[in-house]
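Peer 1: Right, I'll just put the structure down here and ask away after.
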Amino acid sequence: MNGEHDTADVCSGGHMERRAVCRVLARWEVLRGEDLMPAEQDMMSTGVDDDIRPHIFVLAHQDRKKAPSLEMAGESFAAFCGGERLDDVTAHLPYPLNQNFTDLVRAVVEHVMPISNSGTCRISSLGLMVNYRLMMFPLGGATGTVEHVLGVIGYCPVTPL
């Protein structure tokens, strides 16, 4: 891609953002079974299809006293964040999502359930106004403690009326 992002990969006829989120949610529910959440290794090895991987990110949440750290970011998520080095995810997210991202992660961890967020924002690096859909999922171990947060994001350019 050479630093450029093809919105066709993201949009795929205007529906990719919704399909990616729905597919990951369905797989998350199957893998968790009767547990509160699936394990990170199960979700990443069988729960995320290759065509969705560009749209996901994984945050490590080992210590509730510290901000989660980014372990993995797909190309589409990195482009959504401006393609910057993502050591501080929140600093690179477009406004207004950057204002509530930490609260969304905290809600996933505290309630041990998926959280969804959607809206419109401007991605400066792409020069686009986009509608986005974000969903974050808790991943953990047998103890019921959230150890990772899996996120999937999809976005499509806003079409003028």
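Peer 1: Within region 1-43, how many residues turn out to be buried (at least 19 other Cβ atoms within 10 Å of the Cβ), part of a helix (DSSP H, G or I) and modelled with pLDDT under 50?
Peer 2: 2
Peer 1: Let me ask something additional. In region 120-136, which residues are of a type outside the set (V, I, T) and exposed (fewer than 14 other Cβ atoms within 10 Å of the Cβ)?
Peer 2: R122, S124, G127
Peer 1: Now a separate question. Here are the criteria: (1) under 24 Å from V158 (Cβ atoms); (2) buried (at least 17 other Cβ atoms within 10 Å of the Cβ); (3) in contact (Cβ under 8 Å) with a residue 24 or more places away in the chain. Tell me which single one V108 does not satisfy.
Peer 2: (1)
Peer 1: Right, next: Being farther than 16 Å from M136 by Cα and either at pLDDT below 85 or over 12 Å from the mean Cα position of the chain (by Cα) (or both) is the filter here; which residues of region 44-75 pass it?
Peer 2: Correct list: S45, T46, D49, D50, D51, Q62, D63, R64, K65, K66.
Peer 1: So V112 clears everything in (1) at pLDDT 90 or above; (2) at negative phi except one condition, right? Which one?
Peer 2: So the condition that V112 fails would be (2).
Peer 1: Could you pull out the residue among V89, V108 that is of a type in the set (A, V, I, L, M, F, W, C) and more than 16 Å from L25 (Cα to Cα)?
Peer 2: V89
Peer 1: Are there any pairs with C-beta distances below 6 angstrom linking a residue in region 53-67 that is under 13 Å from R106 (Cβ atoms) and in a helix (DSSP H, G or I) to a residue that is of a type in the set (F, W, Y) and at pLDDT below 90, with the two at least 6 apart or on different chains, and if so which?
Peer 2: Sorted first by the residue in region 53-67, then by its partner, the list stays empty.
Peer 1: Could you grab me the full set of residues in region 106-161 that are under 18 Å from E71 (Cβ atoms) and part of a loop (DSSP other than H, G, I, E, B)?
Peer 2: Answer for region 106-161, where residues must be under 18 Å from E71 (Cβ atoms) and part of a loop (DSSP other than H, G, I, E, B): G141, T145.
Peer 1: Right, here's the next one. How about region 137-159: which of its residues are surrounded by fewer than 19 Cβ atoms within 10 Å (Cβ to Cβ) and among the hydroxyl-bearing types (S, T, Y)?
Peer 2: T143, T145, T159
Peer 1: With (1) out of contact with any His (no Cβ under 7 Å at 6 or more places or on another chain); (2) more than 30 Å from T143 (Cα to Cα); (3) outside any helix (DSSP H, G or I) as the list, and N98 as the residue in question, which single condition is left unmet?
Peer 2: It is condition (3) that N98 fails.
The values are calculated or read from the model by the stated rules, or taken from the named source; none is laboratory data. Predicted model, so just to flag it, every value in this text is computed and none were measured. Glycine gets a Cβ as well: all are built from the backbone with ideal geometry, and neighbour counts include every protein chain shown.
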